[in-house]
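Each value in this text was obtained by applying a stated rule to the coordinates, not by laboratory testing. Since the model is a prediction, treat every value here as computed from it, not as a measurement. Backbone-built Cβ (ideal geometry, glycine too); neighbour counts: all protein chains shown.
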Amino acid sequence: MSWGALRGLAAGLIAIAATPLVLAEAAGGHAGGEHAAGVRRILVAGDSAAHSLIPYLREAAAARGIEVHSAAIEGCGVIEGDLVVPPGSPAPELFIDYTVCPRTAPRLQIEKVAEHDPDLVLWMSGWETWPFRRLDGQMVEFGTFNGNLALAGAIDRAVGRLSAGGARVVFLPLPPNAYPNVYDNPPEAEDEVGKRRLAGLMDDYAGRHAGVTTVVDVADLLCPDGPPCPDQVGPGVRPRHIDGYHFGGPGAAWFAEELLDLVLAPAPIHALTLSLPVPCANAGVGDPPARDPSRCA
């Protein structure tokens, strides 16, 4: 996650706090019981993008007889690890204290899993792309082979926390930010590459842990023609119009309905049709970087 993207997140969080919640009526609706067998409770884990989507998910899920609970924290990702500012770079000016995340987020996940006993957990966060973090006492860099090995270990621990009660964990890797947007936050190449790398890492992990995790490519909804991602994905449908990252308004209500259709399907799609070729530095975990050149940019 680039510093420019972080500034955009901060601006968007302020905008969301000042924006009244507007929920659109779901076209056609969904009858209760139209969902994957056994799914009665969903837990959402993630950052402010996930947090902004929860009210819309709750309304859409309620029509299907499903509860939605939150373990999302604004300004925090899902995995642990102290976030470190790259050497020589100024600290980003944020009104959120991201330094508390390594202690707060894992504890909240454990508490919410124990409290709500979810059947399904949705993971949506962009903070896992932070360039440098300290894991197990070691400084690791996101996007490098060794860094991604360490990140995969942190993902594995987070999946363990979230699936402790038997829930399936669904990764929802976000595509690049939508543009144009109200706050005029343009997309950044560095942020786009980071999201592709994270999507590739999640896809690789889910392929190796298919009994517990799944990847659902929300880019099919948010960025159907590939990047650059438009703010409007259908006539008048703008799910991320505020700052390109957070969800709000009738477009978010539409997205929540469509997302539930995907994650509650009997056999959720394990595919990343959005993702451009994954850079070689993000090759399969545990394999040499040149394992599969077809997956490299």
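What is the spread of the Cα atoms of segment 75-189 along each of their three principal axes, largest first, in whole Å?
For segment 75-189, the Cα spread along each principal axis is 41, 38, 28 Å.
Give a quick list of GluC sites (Glu not before Pro) in segment 159-224 that DSSP marks as loop, anything other than H, G, I, E or B, with at most 14 other Cβ atoms within 10 Å.
none
Enumerate the amide H contacts of R41 below 5 Å, restricted to partners 5 or more residues apart or on another chain; note that Pro and chain-start residues carry no placed amide H.
Those lying under 5 Å, H to H, from R41 are E67, D119, L120.
What are the ³J(HN,Hα) couplings of segment 237-249, residue after residue, when phi is run through the Karplus curve with 6.51, -1.76, 1.60 and θ = phi - 60°? Round to Hz, x for glycine and proline.
9, 10, x, 10, 6, 5, 9, x, 10, 8, 9, x, x
Read phi for every residue in segment 210-227 and hand back ³J(HN,Hα) as whole Hz from Karplus 6.51 cos²θ - 1.76 cosθ + 1.60, θ = phi - 60°, with x for Gly and Pro.
5, x, 10, 10, 9, 10, 10, 7, 5, 4, 4, 8, 8, 8, x, 9, x, x
In which sequence would M139, M124, M202 go, from the one with the fewest C-beta neighbours within 10 Å to the one with the most?
So the ranking, lowest neighbour count to highest, is M139, M202, M124.
Across segment 259-266, in residue order, what do the Karplus-derived ³J(HN,Hα) couplings come to in whole Hz, using 6.51 cos²θ - 1.76 cosθ + 1.60 with θ = phi - 60° and x for Gly and Pro?
Coupling constants for segment 259-266: 4, 4, 4, 6, 6, 9, 4, x Hz.
Can you put D225, D204, D117 in order, fewest other beta carbons within 10 Å first?
In order of increasing Cβ crowding within 10 Å: D225, D117, D204.
I need two numbers for segment 134-241: Rg to one decimal and Dmax as a whole number, Cα atoms only, in Å.
For segment 134-241, the Cα radius of gyration and maximum Cα-Cα distance read 16.0, 50 Å.
Can you give me the long-range amide H partners of Q232? Hydrogens built in the peptide plane at 1.01 Å from N, cutoff under 5 Å, separation of 5 or more residues or another chain.
none
Once amide H atoms are built 1.01 Å from N in the peptide plane, which residues 5 or more positions from S70, or in another chain, come under 5 Å H to H?
Hits under the 5 Å cutoff: V44.
Could you tell me the ratio Rg/Rh of segment 109-156? Both radii from Cα atoms, Rh via Kirkwood.
With Rh from the inverse mean 1/r over Cα pairs, Rg/Rh is 1.09.
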